[in-house]
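Asks: Questions regarding the structure given below will be posed in turn.
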Amino acid sequence: MDKKYIEKMLSKMDEDLSKKGMSRREAMKLAGLSGAGIFMGAATSASAEEEKIVKSNAKGKIVIVGGGLAGMSTAARLTLNLDNPDITVIEPEKLAVSYQPGQTLIGAGIWDQDDIAYNRDDFVPDGVKVIKEKAILFNPQENKLTTDKGTVVSYDYLIVATGLQLDFERIKGLEEAGRAYSTGDNSKLLKALGDDICSVYTAEGATKTWEIMQKHIASAKSGKKTKFVFTHPSTPIKCGGAPKKIMYLANARLKEEGARENAELTFYPNGGAMFGVPEYHDAILEQFKREDFKWHYRHNLIEVDKENKIAVFDSKWQEKGPWDPVMKDFEVIPKHEKIRVPYDFLHITPAQLAPREIGESDLGSAKGWVPVNKETLQHIRYENVFSLGDVAQVPMGKTGGSVRKQYKVLVDNLIALMNGKTLEAKYAGYTVCPLITDIGTVMLAEFDWTVSPTPSFPLDPTVERWVFWLMKVYALKPMTMYGMLSGKA
Ligand SMILES: Cc1cc2nc3c(=O)[nH]c(=O)nc-3n(C[C@H](O)[C@H](O)[C@H](O)COP(=O)(O)OP(=O)(O)OC[C@H]3O[C@@H](n4cnc5c(N)ncnc54)[C@H](O)[C@@H]3O)c2cc1C
């Protein structure tokens with residue numbers, strides 16, 4: 001981890017704490033987190049981590065498609081683990097490694113876009129080649145792919161780390177938005193969304209979210225009853241907490257301005273619960289009641305009427321049917337209808353899916369994602385292909401926190417394969433959602449495939465804590481940008 005960066009981050013934190021008349025140590029004590037090493041400047045040192053690495057002399061040409069968080073961290077780790085690495089990353093986007101978790105903070109005016117923008121070329125590990133093009137055709141039978149500029153690239157081993165696409169175009173009324181990526185030019189999307197619809201799922205969209213949010217907070221402050229509507233789609237999404245985080249932050253900003261009583265905040269998730277882990281679901285429900293939020297389960301956004309400011313949801317429920325004498329039970333009849341919901345401010349979390357060229361290639365699956373063994377991360381059909389990050393078909397794995405566990409497993413298994421050994425490293429499904437519940441508090445929801453909390457700290461994980469806010473705002477970015485992206489954290 002970059003020492004200078006950590007020092008800068010800690011001194012910024014100290015500056016903020018001194019405004020509250022508090023030292024860092026006092027703050028940790030107050031928060032009940034005396035052992036939070038990273039805040040005390042005791043993060044794992046890079047050199048200590050390096051010492052543990054035993055280099056392999058395995059050989060082979062490795063191509064990584066996608067140089068975002070997962071692709072670049074993997075490239076960095078491979079350069080640490082191989083004596084003679086031959087690695088090529090294919091990545092067209094200049095700001096590929098930008099820090100997406102910060103987009104929620106941008107959406108509420110806490111950070112701005114400069115706080116998360118990082119150049120791909122500054123994070124290319126020594127000796128790794130970069131092709132600044134997009135891979136569009138895959139021929140895994142012949143171990144080849146072709147880019148949008150016609151470059152044919154062959155490989156011995158392929159790692160698919162393309163992240164996902166944001167599917168705004170499937171929403172009627174937003175067809176012209178097309179599909180988007182978090183980073184890059186999203187002017188077409190922003191034009192299609194207009195001035196009352198927003199989404200923190202792109203970096204530019206996060207900045208626009210803050211503009212639109214301020215406009216509607218001002219309107220509520222002026223006395224107008226203002227409806228804030230937040231959606232959660234029917235597909236897997238990256239950072240499952242983000243649709244709620246932006247709602248909590250809008251609530252916090254409304255309270256700051258004394259405008260909360262004129263605002264109605266309503267959450268429309270496609271699913272039937274607030275969170276897949278019962279403990280976190282219960283905690284969030286209590287927070288929703290406390291903050292006087294409204295919610296309606298099993299509502300999927302399918303259309304927007306921008307002119308009349310109406311969001312149309314497909315609402316689903318089940319009814320009891322006739323008695324089935326064979327099954328000896330009542331039939332269950334699925335029902336659904338269109339519900340029209342007026343809004344002033346609409347925050348959309350779009351449906352998400354693998355980039356088209358991956359989902360529809362031989363590397364994809366019926367569900368579109370890249371089908372891998374969820375523990376070894378090896379492709380289920382092509383043994384020299386691996387995948388990780390948002391594009392991999394791994395349950396609950398679409399966070400930077402999951403990538404942090406996955407990339408080391410993938411590297412160990414790839415090197416085992418290159419050496420003709422058994423793949424022994426296993427990803428256990430760890431993921432994390434630092435659920436921002438207010439400006440100043442976070443509930444750190446960590447869990448895995450056991451669908452129960454897996455806290456890293458000896459604290460009740462369902463409690464909202466200020467110290468986790470400090471961690472979210474100050475520590476996680478350097479841990480990602482200088483720890484993970486150097487292949488060490
Ligand atoms: C609003 C928001 C909040 C979030 N909050 C959190 C959080 O609090 N905690 C957390 O852990 N995670 C969070 N995340 C999720 C986290 O950022 C992602 O899970 C992580 O970035 C995934 O890394 P990735 O490399 O798989 O995808 P990305 O980082 O998106 O990188 C994929 C790269 O592949 C490239 N690519 C795509 N197609 C091709 C192609 N055909 N050829 C070549 N290159 C291609 C893209 O240009 C991109 O650079 C959040 C994300 C968002 C959007």
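No lab work stands behind these numbers, since they all come straight from the coordinates. No experiment lies behind these values; they were computed from the predicted model shown. Reconstructed Cβ throughout: ideal geometry from the backbone, glycine too, with neighbour counts over all protein chains shown.
Asks: Looking at the chain only, what percent of DSSP beta bridges run antiparallel? Nearest 5 please.
Replies: Values: 42 of 74 bridges.
Taking every DSSP beta bridge within the chain, about 55 percent pair in antiparallel fashion.
Asks: Additional query: Relative contact order for region 304-438: what percent, with Cα pairs under 8 Å and sequence separation of 6 or more?
Replies: Numbers: 194 pairs, mean separation 20.0, N = 135.
Averaging sequence separation for qualifying contacts and normalising by length gives 15 percent for region 304-438.
Asks: If you don't mind, there's one more thing I want to ask. Quote the convex hull volume per residue of region 299-400, based on C-alpha atoms, as a whole number of Å³.
Replies: Considering the Cα atoms of region 299-400, their hull volume per residue is 183 Å³.
Asks: Now for a different question. Using alpha-carbon pairs under 8 Å, 6+ residues apart, how would you state the relative contact order of region 167-352 in percent?
Replies: Dividing the mean separation by the residue count of region 167-352 yields 26 percent.
Asks: Rank these for me by crowding, 312, 391, 304, 152, going from fewest to most other beta carbons within 10 Å.
Replies: Ordered by Cβ neighbours within 10 Å, fewest first: 152, 312, 304, 391.
Asks: At 7 Å along the Cα-to-beta-carbon direction for both residue 136 and residue 257, put a label point, then send me their distance in nm to one decimal.
Replies: The answer from the label model is 4.4 nm.
Asks: Of all DSSP beta bridges in region 167-352, what percent run antiparallel (nearest 5)? Numbers along the way, then the final one.
Replies: Working: 21 of 36 bridges.
The answer is about 60 percent antiparallel.
Asks: Over the Cα atoms of the chain, each weighted equally, I'd like the Debye log10 I(q)/I(0) at q = 0.07, 0.10 Å⁻¹, rounded to two decimals.
Replies: -0.39, -0.79
Asks: Going highest first, how would you order 265-271, 383-389, 69-75 by mean Cβ packing within 10 Å?
Replies: Final packing ranking: 69-75, 383-389, 265-271.
Asks: Mean 1/r over all different Cα pairs, inverted: what Kirkwood radius does region 282-332 give, in Å? Could you put the intermediate results ahead of the total?
Replies: Values: mean 1/r = 0.0681 Å⁻¹.
Hydrodynamic radius (Kirkwood, Cα only) of region 282-332 equals 14.7 Å.
Asks: Can I ask one more? More than 19 Å apart: what percent of Cα pairs in region 191-297 qualify?
Replies: 45 percent
Asks: While we're here: Could you state the orientation-averaged shadow area of the convex hull built on the Cα atoms of region 167-352, in nm² to one decimal?
Replies: If you wrap the Cα atoms of region 167-352 in a convex hull and average its projections, you get 12.2 nm².
Asks: In addition: Under 8 Å for C-alpha pairs, at least 6 residues apart: give me the relative contact order for the chain, rounded to a whole percent.
Replies: Relative contact order here is 17 percent.
Asks: When we measure straight from the Cα of residue 59, which aspartates and glutamates land under 13 angstrom away, once same-chain ones fewer than 8 places off are left out?
Replies: Filter leaves 83, 86, 156.
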